[in-house]
1. Could you list all residues from region B:251-288 that are in a strand (DSSP E or B) and within 26 Å of B:Leu164 (Cβ to Cβ)?
2. Can you confirm whether A:Gly168 is at positive phi, surrounded by fewer than 19 Cβ atoms within 10 Å (Cβ to Cβ) and either more than 14 Å from chain B (Cβ to nearest Cβ) or over 15 Å from the mean Cα position of the chain (by Cα) (or both)?
3. Only residues that are closer than 28 Å to B:Gln24 by Cα and part of a loop (DSSP other than H, G, I, E, B): list them for region B:100-155, please.
4. Could you tell me which of the residues B:Ala149, B:Ala163 is at pLDDT below 85 and closer than 19 Å to B:Val85 by Cα?
5. Please work out if B:Asp158 is buried (at least 21 other Cβ atoms within 10 Å of the Cβ), over 21 Å from B:Ser182 (Cβ atoms) and among the charged types (D, E, K, R).
6. If B:Arg78 passes every condition in (1) in a strand (DSSP E or B); (2) surrounded by 15 or more Cβ atoms within 10 Å (Cβ to Cβ); (3) without any contact (Cβ under 8 Å) to a residue 40 or more places away in the chain but one, which one does it miss?
7. So which of A:Arg123, A:Arg135, A:Arg112, A:Arg83 is away from chain B (no Cβ under 14 Å), over 28 Å from A:Glu173 (Cα atoms) and not aliphatic (A, V, I, L, M)?
Amino acid sequence: MIDWVPLWLSLRLALVTMTILLLLGIPLAWWLAYSRPRWKVMVETIISLPMVLPPSVLGFYLLLAFSPANGLGKLLDHWLDIRLVFTFHGLVVASVIYSLPFMINPLLAGFRSLPPDLHEASRTLGKSDWTTLFRVLLPNMPASLITGAVLSFAHTIGEFGVVMMIGGSIPGETRVASVAIYDEVQSTHYPQANRYALVLLALSFTILLLVHLVNHRYNKSKSTP
Amino acid sequence: MMEFQATKMLHTTQGHQLLDINFQLQKGSILALYGPSGAGKTTILRILAGLTDVTTGYVRIGEEVWLDTARHIDLPTRHRSIGFVFQDFALFPHLTVRQQLEFALPKKADQMIITELLTMMELEELQHRKPALLSGGQQQRVALARAIARRPQLLLLDEPLSALDDEMRYKLQDFILKAHRSYGLTTILVSHYLPEIFRLSDDVIILEKGSIQRQGAAASIFLEEKISSKFKATGEIIDITPADIVCIISILSGNSIVKVVATATEAASLHIGQKVMVASKAFNPIILPIK
């Protein structure tokens, strides 16, 4: 019989991460698209770093940072009683950092593909930046929003190195599906590993199929209004 | 009364040049900005709208100061009472015609103006369509209606008719005039098109390389000599055909072609593509080149 807990944990982690990334990513990408400070290229570089960095490197530094023996981890532990190492919360924080570029890049591309005078037209009609963002800009880039949400969701489901480094494999807490597959293979339980792998494969395929269908329909409705 | 003063470095395809402009405008009038591209026409509109920064500047509309660099006043765009019609209209692709106007309306404003504008611009039948389903002329009318919906003090039009054919232009000039009069607007219009300037503007500023070359009424600054005539129309020479001892000059004015007879000597000073004014005194029409 399949143990559904790791799959449920992966799903929960991906949903929470995606939601936080949407809330964080929209204002951040908007700021990157429309602000002018020179040091913003530095921010863009830092955000993109997880795309090229080996997950174990990122996981290692996060492990050091979150450790209750060191600076940030010590502060969180002492003042807020929050421990991020080997906990679900820690996985969420790490996943948000790890999947940030997968949310930011599609959103940034979306903002940059909008005609600049859309933004200006809204301002000349007396609208605030906030109203412009939610009522003019975002409704005109649904494909970017969907792509960002799905990519960050799928990327979180698939992460392994970072989770292993800072979460380990605590059943019901940090043992997500990708880690469970690894554990089962280590214990030579191939049929069990195969079940997890098949579920992840089916899930990934369905999600990507849905995205392509939505984008296809959106592009079609745009070309034949 | 409106006062405008600004200096700013312009970076154009012809290199760097200083924009240094100073003018005043009567409330309720229509001012046309005319000049070659890169002269700074659109920049003036953008400075008025608060969309472009200046080195030094002062903008006052009535008693309200929108910009005063000396006193560090720079009212954000959304607090300036303007309506801006962009060159490519900048309609919101996801909203229908009616929704564009509703979006533009300030909170608690009377919804009546939407119906009124839809009627005035002949858009009632199209009100539930999105911009992608509208022609260029229809989009222009929506952009104009949307800019007016919030009852701005200042209407700024950036070459709004440049993408349209002559017949549509003529009709839309009517809409602009109608809206300008009905809502008591002060309007500034950027235009390359002389017949449009003659028809719409009370005052013209000719800009060149960032500064004002001439300012005044269209007829007084575009024509070499003043004439007292019964009828005047501007147009462009599209054909010169010699016929025996005279020449027949065909002039496109609005969407009609006028044929005028000229002597060979007169025709020698004219060429195809030249902008001219056709004026008729009691008898023969005469052709005058426009500067």
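The values are calculated or read from the model by the stated rules, or taken from the named source; none is laboratory data. Note that the coordinates shown come from a computational prediction; the quantities given were computed from them, not determined experimentally. Quick reminder, even Gly has a Cβ in these numbers, built from the backbone with ideal geometry, and neighbours come from all protein chains shown. For the accessible areas, the whole protein counts, side chains as well, though only heavy atoms, and no ligand, DNA or RNA atoms are used. Shrake-Rupley method; radii C 1.70, N 1.55, O 1.52, S 1.80 Å.
1. To start, the set of residues in region B:251-288 that are in a strand (DSSP E or B) comprises B:251-253, B:256-263, B:275-280, B:285-288.
Hits for region B:251-288 are B:Ile251, B:Leu252, B:Ser253, B:Ser256, B:Ile257, B:Val258, B:Lys259, B:Lys275, B:Val276, B:Met277, B:Val278.
2. Values: at positive phi: yes; surrounded by fewer than 19 Cβ atoms within 10 Å (Cβ to Cβ): yes; either more than 14 Å from chain B (Cβ to nearest Cβ) or over 15 Å from the mean Cα position of the chain (by Cα) (or both): yes.
It is true that A:Gly168 is at positive phi, surrounded by fewer than 19 Cβ atoms within 10 Å (Cβ to Cβ) and either more than 14 Å from chain B (Cβ to nearest Cβ) or over 15 Å from the mean Cα position of the chain (by Cα) (or both).
3. B:Ala149, B:Arg150, B:Arg151, B:Pro152, B:Gln153 - these are the residues of region B:100-155 that are closer than 28 Å to B:Gln24 by Cα and part of a loop (DSSP other than H, G, I, E, B).
4. Details: B:Ala149 fails: at pLDDT below 85.
Result: B:Ala163 is the single residue among B:Ala149, B:Ala163 that is at pLDDT below 85 and closer than 19 Å to B:Val85 by Cα.
5. Numbers: buried (at least 21 other Cβ atoms within 10 Å of the Cβ): yes; over 21 Å from B:Ser182 (Cβ atoms): yes; among the charged types (D, E, K, R): yes.
Taking the combined requirement at face value, the residue satisfies it.
6. (1)
7. A:Arg112
Conditions (1) free of Cβ contacts under 8 Å to residues at least 24 places away in the same chain; (2) under 18 Å from A:Gly172 (Cβ atoms); (3) loosely packed, with under 15 Cβ neighbours inside 10 Å, marked per residue:
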{"site": "A:Ser10", "(1), (2), (3)": "no, yes, no"}
{"site": "A:Met18", "(1), (2), (3)": "no, no, no"}
{"site": "A:Gly59", "(1), (2), (3)": "no, no, no"}
{"site": "A:Asp77", "(1), (2), (3)": "yes, no, no"}
